[in-house]
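The values are calculated or read from the model by the stated rules, or taken from the named source; none is laboratory data. Computed from a prediction, not measured in an experiment: that's the story for all the values here. Here the Cβ positions follow ideal geometry from the backbone for every residue, glycine too, while neighbour counts run over all protein chains shown. For the accessible areas, the whole protein counts, side chains as well, though only heavy atoms, and no ligand, DNA or RNA atoms are used. Shrake-Rupley method; radii C 1.70, N 1.55, O 1.52, S 1.80 Å.
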Amino acid sequence: MQVPFRDMISSLEAVAEPTRLRILALIADAELTVTELTTILGQSQPRVSRHLKLLVDAGLVDRHREGAWAFFRLSETPLALASAGQVLGGLDANDAVLAGDRARLAEVRAERARAAETYFARHADDWDQLRAMHVAEKDVEAAVLAAAGKGPFKAVLDLGTGTGRMLALLAPRTTRAVGIDSSHAMLAVARAKLEASGLKNVQLRQADIYALPVERNAYDLIVIHQVLHYLDDPARAIREAARGLRPGGRMIVVDFAPHTYESLRESHAHRRLGFARDEIDTMLEEAGLSPHDHRELPPTGRGQLTVSLWLADDPRVLDDRLRGAGHSVREVA
């Protein structure tokens, strides 16, 4: 990748300082907060924040807000990939300073995992009760993989990612996987689980599902797994998600079929008691998508809830005359 001379000089100047180079090496391996970086580096919060600002201003680091926290990670811009990639690739992995940073990073990750386990254990009874009411998760996951196709995908978006299971499932088939959730606590669980899996191509973001902070026309596959029944306006969420699909992209919706278990509203905050096939089909069509497959997974054992899966495609195609300009037109039947 080639970048402008002036931009390359600015980025190299930004990393030509010991602490900033250490920060760059750390966040190339994990998303980290200022607090976590101060723990690893043994430096004050104002000093670490000042170094991070310089790296962000140089275009090497991205900053993402998650409630009261902010996470920092290596940017995916051509500038960052070219300059930071070359600088970090030339470092001696056995250097004592960097090895010490990696050891303290491992401690930070272990603490994250402990916090996630505590949260998960506190809510495990509720989740186990709900899981017992429908088909085994492995069967749902198998259906999602079959609907997604083998890939490979350039980018996958998982909305309402929860513990990150869909991301872990699909990450091996994609270059980049992004998970969005409104809950900081759930993202903490997901972050710990995904880091333990060793996945490097996954990003997590806290955001409103009605106002997604993602690129338009950028994702090959978007998954909305067991999310819509929590929402006041599921149709709006599908419309917002559809704007992230690239022409020809695919959307998978997984949710419950209609049921009568009012207790789920009280114990699990469900707003909708499932969805009929034509109800989600209509939402997908109103979002400009073409639903073409629907599958029901009936409960097993003593379960009572049927899980439904919808598959829809973005029917747009790139017009050859506009391809270079990045425009798209809707295919005419």
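Of all the Cα-Cα pairs you can form in the stretch 243-290, what percent are over 18 Å apart?
The proportion of pairs with Cα distances above 18 Å equals 43 percent.
Would you tally the net charge around Ser75, using a Cβ to Cβ cut-off of less than 10 Å, leaving Ser75 out, and scoring K and R as +1, D and E as -1?
Once positives and negatives cancel, what remains is 0.
Taking loop as defined by DSSP and a crowding limit of 13 other beta carbons within 10 Å, which GluC sites (Glu not before Pro) in the stretch 190-284 fit?
Glu215, Glu262
When only Cα pairs under 8 Å and 6 or more residues apart are kept, what is the percent relative contact order across the chain?
About 13 percent, as a whole number.
Which one of Pro152, Phe275, Gln2 is farthest out on the positive end of the charge dipole of the chain, using unit charges on Cβ (Lys, Arg +1; Asp, Glu -1) and the Cα centre as origin?
Gln2
Calculate what fraction, in whole %, of the accessible area of the chain sits on carbon and sulfur atoms when a 1.4 Å probe is rolled over the protein chains.
Answer for the chain: carbon and sulfur cover 52 percent of the accessible area.
For Kirkwood radius over Cα pairs in Å, pick the label among (1) 23.0; (2) 20.4; (3) 21.7 that corresponds to the value derived from the coordinates.
Computing Kirkwood radius over Cα pairs in Å and matching it to (1) 23.0; (2) 20.4; (3) 21.7 gives (3).
Which value, in Å², gives the accessible area per residue of the chain when a 1.4 Å probe is used on the protein heavy atoms?
So the chain comes to 49 Å² accessible per residue, rounded to a whole number.
Evaluate the relative contact order of the stretch 157-280 (contact order divided by residue number), counting alpha-carbon pairs under 8 angstrom at least 6 apart; express in whole percent.
23
Straight distance only, please: which aspartates and glutamates reach the Cα of Lys138 with their own Cα at less than 18 Å, same-chain residues fewer than 8 apart left out?
Partners found: Asp128, Asp158, Asp255, Glu296.
Under unit Cβ charges (Lys, Arg +1; Asp, Glu -1), what dipole magnitude, rounded to 20 debye, does the chain have relative to its Cα centre?
660
Would you list which aspartates and glutamates come within 15 Å of Lys200, measuring only between C-alpha atoms, while excluding same-chain residues fewer than 8 positions from it?
By straight Cα distance, Lys200 reaches Asp29, Glu31, Glu76.
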